[in-house]
1. Residues in the stretch A:119-130 that are part of a helix (DSSP H, G or I) and open to solvent by 30 Å² or more (accessible area, probe 1.4 Å): how many?
2. Could you run through the stretch A:167-183 and say how many residues are open to solvent by 40 Å² or more (accessible area, probe 1.4 Å) and within 13 Å of another protein chain (Cβ to nearest Cβ)?
3. Having 3 or more residues that are open to solvent by less than 60 Å² (accessible area, probe 1.4 Å) and within 11 Å of chain A (Cβ to nearest Cβ) is the bar; report the strands (runs of 3 or more DSSP E) wholly within the stretch B:216-314 that clear it.
4. Would you say B:ILE156 is open to solvent by 20 Å² or more (accessible area, probe 1.4 Å) and within 12 Å of chain A (Cβ to nearest Cβ)?
5. Return yes or no: is B:ARG87 among the basic types (Lys, Arg) and in contact (Cβ under 8 Å) with a residue 60 or more places away in the chain?
6. Could you please give the count of residues in the stretch A:88-104 that are surrounded by fewer than 24 Cβ atoms within 10 Å (Cβ to Cβ) and more than 26 Å from the chain's Cα centre (by Cα)?
7. Residues being part of a helix (DSSP H, G or I) and β-branched (Val, Ile, Thr): count how many of those fall in the stretch B:172-194.
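The values are calculated or read from the model by the stated rules, or taken from the named source; none is laboratory data. All values reported here derive from a predicted model rather than from experimental measurement. Because the Cβ atoms are built from the backbone with ideal geometry, glycine has one as well, and the counts that use them run over all protein chains shown. Only protein heavy atoms, including side chains, enter the accessible area calculation; ligands, DNA and RNA are left aside. Shrake-Rupley method; radii C 1.70, N 1.55, O 1.52, S 1.80 Å.
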Number of protein chains: 2
Amino acid sequence: MGAALALGERARGRTAPNPNVGCVIVRDNHVVGRGWTQPGGRPHAEAMALAQAGEAARGATAYTTLEPCAHESARGPACTDSLIACRVAHVVIALRDPDPRTDGRGIARLREAGIAVTTDIRSADAARSMAGFLTRRAHGRPAVTLKLATSLDGCIALADGTSRWITGLRARAHAHLERARHEAILVGRGTLDADAPRLDVRLAGLEDRTPRRILLSASDAPGWTRIASARAIADLDGVDHLLVEGGAHTAAAFLRADLVDRLLLYRAPILLGGRPGLADLGLATLDPAHGRWNLHDARMLGSDRIEVYERARG
Amino acid sequence: MGAALALGERARGRTAPNPNVGCVIVRDNHVVGRGWTQPGGRPHAEAMALAQAGEAARGATAYTTLEPCAHESARGPACTDSLIACRVAHVVIALRDPDPRTDGRGIARLREAGIAVTTDIRSADAARSMAGFLTRRAHGRPAVTLKLATSLDGCIALADGTSRWITGLRARAHAHLERARHEAILVGRGTLDADAPRLDVRLAGLEDRTPRRILLSASDAPGWTRIASARAIADLDGVDHLLVEGGAHTAAAFLRADLVDRLLLYRAPILLGGRPGLADLGLATLDPAHGRWNLHDARMLGSDRIEVYERARG
């Protein structure tokens, strides 16, 4: 399932409104097929893995990060039917599909066909990997990651606006990889006017993964998709993962609207005493600030540190 | 030597202008004496450990964090002479004493008396432990630790000044233990007026370790020792370790004057968008901000994280 999750990650940010699924087919301890949702959503991961496995799929075990779809479409047969037709013996599923056209029906049909089904294997990791799809299903909006690259004292620039560079090469490369995993990046008007950011993916081989550029502003700018308020992200078609990159007022607008699901904090071992990364959140007391963020991951990137926080559930 | 360093730590913040030394005497694989510099500087660690060892010191190995003193004083004999008189067989020393009255003469006299001497064992840790003494010797001022307790976005309070509490119980207890290891704590006028901080050590058994309270201000306040500029810390008698606790302008004043040796950063997993922990450092470019701080230690304290940075050497 770890391999299937890794394959699903390849598709993150390219499959909206479909989930980014990964699938691995194993027979006699050999991997005979690997698949992940293709750009635009088709073929599905299972279809790709089954095509690769061919005859070897018979009697094999398929590991898939999401319950196979149970609905036929004009773009192809249901993966449930394909798995049955290929006579797979066992299907291991990380997460049940909340899509009402499937939602347990895929599992039921596999079992009716005599295929063993195991569920809830690494379901939390699968939910994290397919956060965009699940957030769109549950809340009708993209999953939002807020990125901040700061000094130890939380600044994103000197007092005069100078911000290149706070973090080092490795942290910036990591940030570009994160860009490639989002359908869209958003900045505010102040950042556009001050930095004219390219927001592209400057990583060899991933240049074509540059996301759509969204502007939060009261007025249009050529070449940008504009929205007038943070809540309007719900209307962005084809965007299930949104990366908010700045600046301080834009970040605060998303936090105030409680629209941030994940914090991506890059932190350089420097002190600036400059411009804070966040504008006023409008908190009247400290109590509501606590308990909202859980540390999920942290590591060093050169002399910088990255921390990933997730919204606390319930 | 690890045990000797731990004993020396007990004395940190109570021995100025003397160093906080630790000493362990071992004979036949048994600890027969333990000592650390007593409050006010006497007895010395070696004298205390030798008194405890008594006859057992003969033929033993003495581990001491600083070269034994070679100068007699009205307050007692030189530790070098005491070690010779007790017929210790081997002296293991972390760090040579920069005091011109000793500075290698202790080591030489021990060797002349036929005692084996090993030097430079964990000398970096010893230098860290006796930072106050060494900084006073080298730079004529106390070693300065700057403490900041912030949110993830570097704030020390909400916009209205509310700051209780940002960090949790464990982080605050740790901060109180740090207070006990400094001869004095300093705050600025704004912090005094806004918070009227007690700056005491609220830890059971350590209440008497509450440091002197210093105020950085243009005008006096009853009960406080006042200095008018950061550089005036050089004139604080009996203060070899100074903890700067805030606020943003005081912290910036010490950083601008390049007087901070150690950063003690407590960080709670919350976002505030409030008052930044540091006022303007007056940097014209980002270059001079880089390379100044090395991460020395980090750990979790409940859901908060503490990071200790040290001034990068040369």
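1. Within the stretch A:119-130, residues that are part of a helix (DSSP H, G or I) and open to solvent by 30 Å² or more (accessible area, probe 1.4 Å) number 5.
2. Qualifying residue count, the stretch A:167-183: 1.
3. Because the criterion is at least 3 residues that are open to solvent by less than 60 Å² (accessible area, probe 1.4 Å) and within 11 Å of chain A (Cβ to nearest Cβ), the strands (runs of 3 or more DSSP E) in the stretch B:216-314 that meet it are B:262-267, B:304-311.
4. yes
5. Details: among the basic types (Lys, Arg): yes; in contact (Cβ under 8 Å) with a residue 60 or more places away in the chain: no.
Against the criterion (among the basic types (Lys, Arg) and in contact (Cβ under 8 Å) with a residue 60 or more places away in the chain), B:ARG87 does not qualify.
6. Residues that pass the stated criteria total 2.
7. Adding up the residues that qualify gives 1.
Listed here are the residues, each with its yes/no results for (1) farther than 30 Å from A:GLY140 by Cβ; (2) charged (D, E, K, R).
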residue	(1), (2)
A:ILE25	yes, no
A:HIS30	yes, no
A:GLY33	yes, no
A:GLN52	yes, no
A:GLY59	yes, no
A:ILE93	no, no
A:ASP99	no, yes
A:ILE107	no, no
